[in-house]
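A short write-up of the structure that comes next.
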Amino acid sequence: MSKEAEVAAAKVSEGPSDDPRQWYNTAVGLAIFTGTVGFMAVLYVFWADTPRQSVLRAQIVAPVGVALFALVTFCTVVWRGLLNTQQLEQQAKQLEHQAKQLEHQARQLEYQAVQLQQQIRQNDASDDANLAKLLQEGAKLLGEKEKEAQILGGIVTLEMLIDEPKRKFSLQVMDLLADFYLRAYHNPNLNNARLAARRALAHGHRLGFQSKVRGVLEAKPDGHTIWEGVRGFGSIKYVGGSILNPLIRAHGDTYFWIQKVKAQHCEFNGRQFIDDCEIKESKFREVSFLSMINPGAIIDCDFSNCKFGNIPEEYLLKMKLDAGNFYITGSPPTHEKFKDWSRILTELPAEKKWANHYDFNMPSDIE
């Protein structure tokens, strides 16, 4: 026998076995032995010649029987304990095996996730490249001179990029459209393209995008310009010409500038910065200090229920609002401190006829 085998045999012989089968066999053997001894003890007790002798014999064999039953019980308990331990060890091995399988599956899923992310990045890069090509193509078509059909195709291409789910190039599209609008405004040969760009800008603005282009539109000195209103610019300023209420409705809550403009039948909501203009037969619903620093001529306008915000009292008295401007009885303007509106406005019992002019209800085509 080798030294390793001898050492193993010595270790085994040093303590009791942990094999449940050996303890089971021992418990069964002891049970059979105990039954046999018990049967013989019964015969030994009852075959006594006298009752007194039977009692003595019973007292002699009783401790032996108790010891044998205790030994059987002990072996049975050890067997059950070892069996339970073996079952628990087996369950632990199964759980460990399952954990390894789950760990392997997790590694596989992680690998698949990495592959999927790589595929997504590749697809995104491919999509971005295609979108960039569309942007370049649309910009190229917008640069076509006097070729309205090609320009319209470019606007359609760019508008597709505004609606693209990722919105990756939406701001660049808004800049291109705004720049084209400024270049094309006074070109009669590009009237349809200008209107298409205006609609596309309004669409982008409704989606929450705004160009960084600051636009200034100047009226032609040799003709009468009625501004149509455009959304989507970083800022827009109308110089000269005329405006009607559809322009104000087109801008909605966005701010814009008007300079040396003639306005009639408009409803100003405080989002306009008015500089040296001529405003007639219009309604003012809100006025701020910045919007009226140098308003120009304001004639025959309705200030009923108008909110005058952050305007100093002394400046209110200096405003030239006495040229037929008024408010309806019971609906005076409001100001934090100023109350004596009769000093700058006329109180009238009813609205004037122009208050029902159709311009006030005329909608804008880009609202």
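Under 14 Å Cα to Cα from LYS337, which aspartates and glutamates show up? Leave out anything in the same chain fewer than 8 places away.
Partners found: GLU313, GLU314.
At 222 nm, what helix-only mean residue ellipticity would the chain give, in deg cm²/dmol to the nearest 500, using -39500 (n - 2.57) for each DSSP H run of four or more?
Here the helix-only value at 222 nm equals -18500 deg cm²/dmol.
What lysines could a cross-link reach from LYS262, if we take a straight Cα to Cα line under 24 Å and drop same-chain neighbours fewer than 8 places away?
Once the sequence-local lysines are set aside, what remains near LYS262 is LYS220, LYS237, LYS280, LYS283, LYS307, LYS318, LYS320, LYS352, LYS353.
Kindly express, to the nearest 10 degrees and within the range 0 to 90, the angle between helix 148-163's C-alpha long axis and the longest C-alpha principal axis of the chain.
In the chain, helix 148-163 runs at an angle near 40 degrees to the longest axis.
Calculate the all-directions average of the projected area of region 267-367's alpha-carbon convex hull, and give it in nm².
6.6
Going by amide H atoms built from the backbone, whose H comes under 5 Å of the H on ILE236, apart from near neighbours?
Correct list: GLY215, TRP257.
If you keep only loop residues by DSSP, which chymotrypsin sites (Phe, Trp or Tyr not before Pro) in region 267-367 have at most 16 other Cβ atoms within 10 Å of their Cβ?
Here the chymotrypsin sites (Phe, Trp or Tyr not before Pro) that fit, given the DSSP loop and packing criteria, are PHE289.
Given springs between every Cα pair under 10 Å in a Gaussian network model of the chain, which of TYR181, TYR255, TYR24 has the largest fluctuation?
In the Gaussian network model the winner is TYR24.
Would you pull out the residues with amide H under 5 Å of ILE298's amide H, same chain only if 5 or more places away, H placed 1.01 Å from N?
Here ILE279 satisfy the definition.
Quick one: among THR334, THR76, THR157, which has the greatest mean-square fluctuation in a GNM of the chain with alpha-carbon springs under 10 angstrom?
THR76
Cross-link partners among lysines for LYS168, C-alpha distance below 25 Å, same-chain residues fewer than 8 apart left out?
Answer for LYS168, where 25 Å is the Cα cut-off: LYS133, LYS140, LYS212, listed by chain and number.
Tell me, in nm to one decimal, what length is gained between GLN115 and LEU95 on full extension, where the rule is 0.36 nm per residue of separation less the Cα-Cα distance? Don't skip to the answer; put the middle values down first.
Working: separation 20, 0.36 × 20 = 7.20 nm, distance 2.96 nm.
Net length gain for the segment: 4.2 nm.
Show me, bin by bin at 20 Å from 0, the whole-percent P(r) of the chain based on Cα pairs.
Taking every Cα pair in the chain, the percentages come to 19, 26, 14, 8, 11, 14, 8, 1.
Helix 3-14 against the longest principal axis of the chain: what's the angle in degrees, Cα atoms only, rounded to the nearest 10?
Taking the Cα atoms of the chain, the angle to 3-14 is about 80 degrees.
Long-range amide H contacts for LYS283: which residues qualify at under 5 Å (H placed 1.01 Å from N, peptide plane, sequence gap of 5 or more or a different chain)?
Under 5 Å from the amide H of LYS283: CYS266, GLU267, PHE268, ASP302.
No lab work stands behind these numbers, since they all come straight from the coordinates. What you are looking at is a predicted structure, and each value in this text was computed from that prediction instead of being measured. Note: ideal-geometry Cβ built from the backbone for every residue, glycine included; neighbour counts use all protein chains shown.
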